[in-house]
Structure formats: C-alpha cells, structure tokens
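The values are calculated or read from the model by the stated rules, or taken from the named source; none is laboratory data. Treat the numbers as computed from the prediction; the structure is a model and nothing was measured. Positions of Cβ are backbone-derived with ideal geometry, glycine not excepted, and every protein chain shown enters the neighbour counts. Note: accessible area is taken over every heavy atom of the protein model, side chains too, but ligands, DNA and RNA are not part of it. Shrake-Rupley method; radii C 1.70, N 1.55, O 1.52, S 1.80 Å.
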Amino acid sequence: MRRVRPPLTTIAREWGRIGCVGFGGPPAHIALLRELCVERRGWIVAGDFEDAIAAVNLLPGPASTQLAVWCGHRLRGRAGALVAGVCFIVPGLIAILALAAAFLADDPPRWLRGAGAGAGAAVAAVAVRAGLDLIAPSWARAADRRAPLITYILIGAAAAATLGPYLVLVLLACGLLSLLLTRRPGRDALTSLSPPALIAMAAGATGGLAALCWTALKVGALSYGGGFVIIPLMQADAVGTHHWMTDTQFLNAVALGQVTPGPVVHTVAAVGYAVAGVGGGLLAALVAFSPSFLFVIGGAARFDALLRDPRARAFIDGAAPAALGAILGSAIPLAAALQERWQVALLGVAAVALLTKRLGVVATLVGAGAVGVVAALSGAPLP
C-alpha cells in the first residue's frame, strides 16, 4: 500500500480542528483521530492505528497527545509530528491561559468566583468517575490476576490521599515491584530507576521556576493511567509544598482543564500561570508536553518491539493500576479542600449526576458552575 503524504498545511488544519473541538478527554480525541486518519482520509490502516493506541498506553504521559504526535509522525516524519502535536495542543492551551487569567486575578468579580467555586465543588466526583471508567476495562482484562490489580489500585489510592509529592515514587515502585515479581531482570534493567536515582529525582528543585519545571516534568513524563493522575501530583506541589495556589484556586484550575478542549494535562499551564503569569504557563506546558514528543519521535519505529517487550508490559502492570488507584484517591484531598456547606451539597449532586445518571463531565461542570453563579449572586458565602 502506497503511503499517503498529506501536506503539512493539511496536518496543521486538521489537527488544529481536533484541538478546538476535542472536548471529553482521551476517548473523544482518539475517536476524532481515528475518524480523520483511518475512516475519512484513509491515511493510516486500522490495524496500525490500533497498535499505536496500545503502544502509547504503555508509555507514561498523556496518551491522546502521544497518539496525535504519532499520527503526524507516520504521515510526514518528524516535521509532521511537530506540526500535529503543536496544533493539537495550542487551542486548549490558549483557552486555559485566558480562563486562568480571569479566575486567578487578584479581585475577580463575585459571579466569576461563584462559577469557579461551583465547578470546583464537582471536581472530586469527576475524579471518581474518571478512575472508575479507567479501571473497568483493566478489571475485565485481568480475570486471572485481579488480586495484584486490586493491591496496586489500593496502594495508589492510599498514596494519593496521604503522601502528596511522594506519590510519583510509589507509582514507580509499583512498576518495579511488578517487574521483579514477573521475572528477574538483569542489573541494567533497573539501573536507570534504582532507588538512589529515584530519591535524587524526588528531591527535584526547591522553589521558583525550577520547581515549576520539576512539577511539569512529573506531569508529562512520570504519570501513568491517563491525564487525571496528574491531579494529585500537582495538588501536592502547587498547594501543599510550594503554596503557589490556594485549595480553591487549584480546584478552579482542575475544572478549567476539564471544560477546555484538548488534553487534561493543560491544567499544568494554569498552575504555571499562578507561578509566573503567561510565561510561567507556557513554560509549564512546554516542559509537560516535551516528553510526549521525545517518546514518540524517538521511539515510533520501535513501537512493535515495545508491545512485545515483557519487561515493559510487566512494569506497566504495576504502575498503571497504581496510577488508576491514585485517581480515585485524589478525590479525598479534592473533597477536603471544599470550604462551604453548599459546595459539599453540590458535590453530592454532581456525584449522583456523574456516577448514577452518567451525565457528561463537561455538562456536569458547566451546570455546577452555573449553580455557583446563582449562589454567589444570592449572597451565599464564597471560599
């Protein structure tokens, strides 16, 4: 089959369109990419596309972003990867920086504060919904190994609820434990992730832009299981360790990351904005998304080998369920950050809407924001 090479301008236009309309997280992004590249244009055969989905799910970081970069790389090499990735990311990045400027202003109008308080109140329920949705397929596939799956999920949940910035070490440790239990690898398999190396990485930076870059790097390079696992990682750094944001501002940032198009990782740009304005937001996004480009551009030709590598599979068998558990565990500090009784009540309503009625995440957050506006204009106390 002769490979089609669309012009870079076409890639920029089509991936930019997906970046503008890609509400709903990774499932929506993957569906849009498949509809474009496989069904409508026939640029990529279905089997190759499915293999790419499996491969990016073995990599840490935002899977839908990596898939967008891979599709561009498949069509036009490195130039296509860069154009596709940038055009997929930029629309949502612009949107979240504009909204962050409004929500993180020194004195936002009362109705805007209410909207943020309302949407932020629903975020813990969104975390539970995201975790359960991601755990379901893993549970179905693991009929013969559910005991270790449950163990890793519980470890990740406990770590997200209690350990704050050390969560990333727990995720890596679960991956290494799974690797050790599956087989005895050679010394070289563990050298790059030895405990001393992990401790040095965890020390990271102590403040300012260096600390922001370390937080963004963890978000982009060390998170498994989907975009929402970045929430407990960022909350520990942004609120607990460095005090860049208040609990309320962080909840607002998470809500913004959910209601804007594109990957949830955009939330890190709101954190960067709180640290150093637009420049900080752009820096955080650059650091967080860079690993996706490096992983795909450097390894796209070896995706088949990655899928067959038992060591990679064994590591992910531990790290990925721990990350899914961390998503569930993140609901505890997110709920604990709520300050007003009406927010707690709104969280309960959002949980029913998301978990029982299966209402969409974006619709739930927008509705919760509208309730917050009404509460603010009615004189209800705001956090």
In the stretch 13-44, how many residues are modelled with pLDDT of 90 or more, open to solvent by 20 Å² or more (accessible area, probe 1.4 Å) and not in a helix (DSSP H, G or I)? 3
Given the conditions (1) touching a residue at least 60 places away in the same chain (Cβ under 8 Å); (2) open to solvent by less than 10 Å² (accessible area, probe 1.4 Å); (3) under 29 Å from Ala363 (Cα atoms), report the number of the one that Gly280 does not fulfil. (3)
Considering only helices (runs of 4 or more DSSP H) fully contained in the stretch 177-274, which possess at least 1 residues that are open to solvent by 50 Å² or more (accessible area, probe 1.4 Å) and at pLDDT below 85? 187-191, 195-203
Checked the stretch 54-94 for anything of a type in the set (A, V, I, L, M), without any contact (Cβ under 8 Å) to a residue 60 or more places away in the chain and buried (at least 18 other Cβ atoms within 10 Å of the Cβ); matches are Leu67, Ala68, Val86
List pairs: first residue in the stretch 135-155 and within 13 Å of Asp317 (Cβ to Cβ), second residue surrounded by 16 or more Cβ atoms within 10 Å (Cβ to Cβ) and among the charged types (D, E, K, R) anywhere in the structure, Cβ distance under 9 angstrom, at least six positions apart or on different chains. Ala142/Asp317; Arg145/Asp317; Pro148/Asp317; Leu149/Asp317; Tyr152/Asp317
Answer yes or no: is there a residue in the stretch 115-128 that is open to solvent by 10 Å² or more (accessible area, probe 1.4 Å) and in contact with a Phe, Trp or Tyr (Cβ under 7 Å, 6 or more places away or on another chain). no
Just need a number here: residues in the stretch 314-328 that are farther than 20 Å from Gly25 by Cα and either in contact with a Ser or Thr (Cβ under 7 Å, 6 or more places away or on another chain) or open to solvent by 20 Å² or more (accessible area, probe 1.4 Å) (or both). 4
Please specify each residue of the stretch 341-366 satisfying the condition of being within 21 Å of Pro263 (Cα to Cα) and part of a helix (DSSP H, G or I). Leu354, Val361, Val362, Ala363, Thr364, Leu365, Val366
Which count do you get for residues in the stretch 329-340 that are assigned to a helix (DSSP H, G or I) and crowded, with 24+ Cβ neighbours inside 10 Å? 3
